[in-house]
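Written out below as structure tokens is the structure these notes cover.
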Amino acid sequence: MTSFKSVISMALFALAPMAASAQSAETPCGSFSLSPVYVTVDTITASDEEVSFGDKRILHISLVDSDGKEVAEYFAENTVVPGGSDDRHQLLTSGRMVFPGGALSVSGTYHRPNITSSLPEAAPEFSFALHAGTGDFVGYAGEVHLNRDSDGKRLYNFDFPCP
């Protein structure tokens with residue numbers, strides 16, 4: 001794994017497009033994309049039929065730029081909650097995306113057809129709120145959209161709307 005000192009240098013490169021489009025220090029805005037590298041996914045051990053509300057999945061994902069350099073880490077806990085398109089379950093996500101110089105809180109819910117799968121390709125497209133920034137991210141608010149590019153590669157697309 002890349003050292004934290006190296007991650008700091010890489011994050012500055014990854015965030016450059018966003019910084020260039022910022023209107024002022026008080027209203028940061030812009031967009032950039034990163035790709036996930038799945039480091040650790042602790043899956044739910046029950047079958048889909050045996051999943052209970054409150055069961056958890058713990059994630060640790062490295063986020064890399066287009067050159068494959070790690071620029072952030074994503075730590076999240078997914079908790080099975082009532083609801084979802086099958087009226088059985090969905091996942092409530094709460095996590096932190098840690099960049100050098102600061103972090104962003106991530107939260108939201110999503111339905112996953114195969115809730116116990118650890119395979120990234122099983123995950124659907126969805127969006128989460130980004131909020132409660134620390135360090136260099138104080139004042140940032142936006143969304144991260146998880147989807148795929150034209151080659152089917154998973155992307156985390158960060159969007160910080162301009163006022």
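The values are calculated or read from the model by the stated rules, or taken from the named source; none is laboratory data. In this text, all values refer to a predicted model and were calculated from it rather than measured experimentally. Virtual Cβ from ideal backbone geometry, glycine too; neighbours counted across all protein chains shown. Just the protein is used for accessible areas: all its heavy atoms, side chains included, with ligands, DNA and RNA removed. Shrake-Rupley method; radii C 1.70, N 1.55, O 1.52, S 1.80 Å.
Which count do you get for residues in the stretch 134-144 that are at pLDDT below 90 and surrounded by 14 or more Cβ atoms within 10 Å (Cβ to Cβ)?
4
Just to be sure, is SER94 touching a residue at least 24 places away in the same chain (Cβ under 8 Å) and under 22 Å from TYR140 (Cβ atoms)?
Answer is no for this residue.
Considering the stretch 77-93 alone, what residues qualify as being of a type outside the set (S, T, N, Q) and open to solvent by less than 10 Å² (accessible area, probe 1.4 Å)?
Listed by number, the residues that qualify are VAL80, HIS89, LEU91.
Only one of ARG148, ARG112, ARG96, ARG154 is of a type in the set (Lys, Arg), at pLDDT below 85 and open to solvent by 30 Å² or more (accessible area, probe 1.4 Å). Can you tell me which?
ARG148
Regarding the stretch 44-63, can at least one residue be identified that is at negative phi, in contact (Cβ under 8 Å) with a residue 40 or more places away in the chain and within 13 Å of the chain's Cα centre (by Cα)?
Taking every residue of the stretch 44-63 in turn, at least one turns out to be at negative phi, in contact (Cβ under 8 Å) with a residue 40 or more places away in the chain and within 13 Å of the chain's Cα centre (by Cα).
Restricting to the stretch 119-131, and then to whatever is open to solvent by less than 60 Å² (accessible area, probe 1.4 Å) and over 11 Å from the mean Cα position of the chain (by Cα), can you tell me which residue is modelled with the highest pLDDT?
This residue is PRO124.
Looking only at the stretch 27-40, decide whether some residue is farther than 20 Å from THR134 by Cα, open to solvent by 20 Å² or more (accessible area, probe 1.4 Å), β-branched (Val, Ile, Thr) and modelled with pLDDT under 80.
Yes, that holds for at least one residue.
Looking only at the stretch 64-91, how many residues end up being modelled with pLDDT under 90 and under 13 Å from the mean Cα position of the chain (by Cα)?
Going through the stretch 64-91 one residue at a time, the tally reaches 1.
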